[in-house]
Amino acid sequence: VRAAVMAGKRLRVLADETRPYLQGARLTAWELHEDGIPVEVITDSMAGHFLQRGEIAAVVVGADRIAANGDVANKIGTYGVACLARLHEVPFYVAAPLSTVDLACPSGDAIPIEERPREELGPALPADSPVANPAFDVTPASLIDAIVSEDGVHRAPFAFLA
């Protein structure tokens, strides 16, 4: 995003707030604001609305871990946004340092998904109601148009990972 702005492109950035820790609001939006890049914060559930209306030209997400085949683990909800981007023919990019690539992990199926405590979902839950609270999901490489790292733009079959 910074490089595009430095190249003179005018952008409208919509940052998902990324529940439950609001990393999109606290980190992404804060960094863009500090750099003077206009940013609007939306809730995670709004991405489909803006994609459907044609208001998003590209999706850029980070990665907590990238498997050898190019599958990407990131904050929960990333997979859903990737599916919506594909449905609406919007390119889906992962921006991540090469240090997130785990060549010992063959695919996203081998990435353990952390379950977070029920308290994160808020006090309105019935006391005896079970919850599921995964912190991450896995986006298959087939939904990723490119992985952007410090050494360039990589496209499927993500040969730089092998």
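The values are calculated or read from the model by the stated rules, or taken from the named source; none is laboratory data. All figures in this text were calculated on a predicted structure; none of them were measured in a lab. So basically every Cβ, Gly included, is an ideal-geometry build from the backbone, and we count neighbours across all protein chains shown. For accessibility, only protein heavy atoms count, side chains too; no ligands or nucleic acids. Shrake-Rupley method; radii C 1.70, N 1.55, O 1.52, S 1.80 Å.
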Computed curve, region 44-146, Cα-only Debye sum without solvent term, log₁₀ I(q)/I(0) at 0.22 Å⁻¹, is -1.08
With the charge dipole of the chain built from beta-carbon charges (+1 for Lys and Arg, -1 for Asp and Glu) about the Cα centre, the Cα from PHE136, LEU22, ALA146 projecting farthest to the positive end belongs to ALA146
Rounded to the nearest 0.05, FRET efficiency between LEU121 and GLU89 (Cβ-Cβ, R0 30 Å) equals 0.35
Expressed as a percent, the accessible surface of region 1-115 that is carbon or sulfur, using a 1.4 Å probe and the full set of protein chains, is 56 percent
Highest GNM mean-square fluctuation among ALA135, ALA67, ALA85, for the chain with Cα springs under 10 Å, belongs to ALA135
Per the helix-only model, the chain has a calculated mean residue ellipticity at 222 nm (DSSP H runs of ≥4, -39500 (n - 2.57) each, divided over all residues, rounded to the nearest 500) of -4000 deg cm²/dmol
Along region 90-104, Karplus-curve 3J(HN,Hα) (6.51, -1.76, 1.60; θ = phi - 60°) to the nearest Hz, with x for Gly and Pro, reads 9, x, 10, 10, 10, 10, 7, x, 4, 5, 7, 6, 10, 5, 7
With PRO20 itself left out, Lys, Arg at +1 and Asp, Glu at -1 over residues whose Cβ is under 12 Å from its Cβ give +1
Per DSSP loop assignment and a cutoff of at most 16 other beta carbons within 10 Å, the chain keeps its longest run without exposed GluC sites (Glu not before Pro) at 1-54
To the nearest Å², the heavy-atom accessible area per residue of the chain with 1.4 Å probe amounts to 59 Å²
Reduced to Cα centres, the span from region 1-49 to region 104-126 in Å works out to 24 Å
Computed on Cα atoms only, the convex hull of region 5-68 has an orientation-averaged projected area in nm² of 5.7 nm²
Of ALA73, ALA124, ALA104, the most mobile residue in a GNM of the chain (C-alpha springs, cutoff 10 Å) is ALA124
